[in-house]
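Let me begin by presenting the structure, written as structure tokens, before commenting on it.
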Amino acid sequence: MAVGAAICLASCAARRPTHAAALDCVERADADRRSCLRGCEGEFEEAFVRCYGGPNSCTERCETRQLACQAGPLHDLTLCAEAAENPRSCQSQLHADLHACAGRPDRAACEEDGRHLAVACWQACRRAHGFALERCAETFRTCLDGCVPR
């Protein structure tokens, strides 16, 4: 009975995750967060358009123009920040930096430095492409204002 209990406890005991498993888990959690935010953003956009009397032909025309305006800047922002196919993207650089820290005696400090570089990179991407997206948003609001009778 004691042996059975020991086996059960050993198999039921919490296992310490590996560093790679923790990074994978964080990436999945981050992807889930982004997906959740996209869903909330979509609901907000629908409610926003309803504030201007939409959906109707005028608001739909504004939305079509908005999507066309955002396409280039969003593509460039994604390429800069997240694109796995871009070895110079912030996300790719972060993965490379974290991988380079493996086996180093100062691994935690090395990884922290990598994360700080990634944050700085993401901020630079937002600065580089944010103005174009803000301009699209202003144009969108101006267009929607034209859909509301004076």
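The values are calculated or read from the model by the stated rules, or taken from the named source; none is laboratory data. Since the structure is predicted, the reported quantities are computational estimates derived from the model, not experimental observations. For neighbour counting, all protein chains shown are included, and Cβ atoms are generated from backbone atoms with ideal geometry for every residue, glycine included. Just so you know, the surface numbers come from the protein's heavy atoms only, side chains and all, with ligands and any DNA or RNA stripped out. Shrake-Rupley method; radii C 1.70, N 1.55, O 1.52, S 1.80 Å.
Here are a few things to note about the model shown:
- For region 37-52, the candidate set comprises residues that are in contact with a Ser or Thr (Cβ under 9 Å, 6 or more places away or on another chain) and assigned to a helix (DSSP H, G or I); within that set, the residue that is most open to solvent (accessible area, probe 1.4 Å) is Arg50.
- Sub-8 Å Cβ pairs linking a first residue in region 24-53 that is closer than 19 Å to Arg115 by Cβ to a second residue that is surrounded by 10 or more Cβ atoms within 10 Å (Cβ to Cβ), at least 6 apart or interchain, are Cys25/Pro17, ordered by first then second residue.
- When Leu94 is tested against (1) touching a Gly at 6+ places or on another chain (Cβ under 8 Å); (2) open to solvent by 90 Å² or more (accessible area, probe 1.4 Å); (3) more than 30 Å from Cys143 (Cβ to Cβ), exactly one condition is not met: (2).
- Yes/no for Arg34 being basic (Lys, Arg), closer than 30 Å to Thr18 by Cα and not in a helix (DSSP H, G or I): no
- Output for region 127-142, where each listed residue is out of contact with any Asp or Glu (no Cβ under 9 Å at 6 or more places or on another chain) and not small (Gly, Ala, Ser): Arg127, Phe131, Leu133, Glu134, Arg135, Cys136, Glu138, Thr139, Arg141, Thr142
- Candidates Gln93, Gln123 - the one that is at pLDDT 95 or above, within 16 Å of the chain's Cα centre (by Cα), closer than 15 Å to Leu23 by Cβ and outside any loop (DSSP other than H, G, I, E, B): Gln93
- One residue alone among Ala83, Ala100, Ala124 is crowded, with 16+ Cβ neighbours inside 10 Å and of a type in the set (A, V, I, L, M, F, W, C), and that residue is Ala83.
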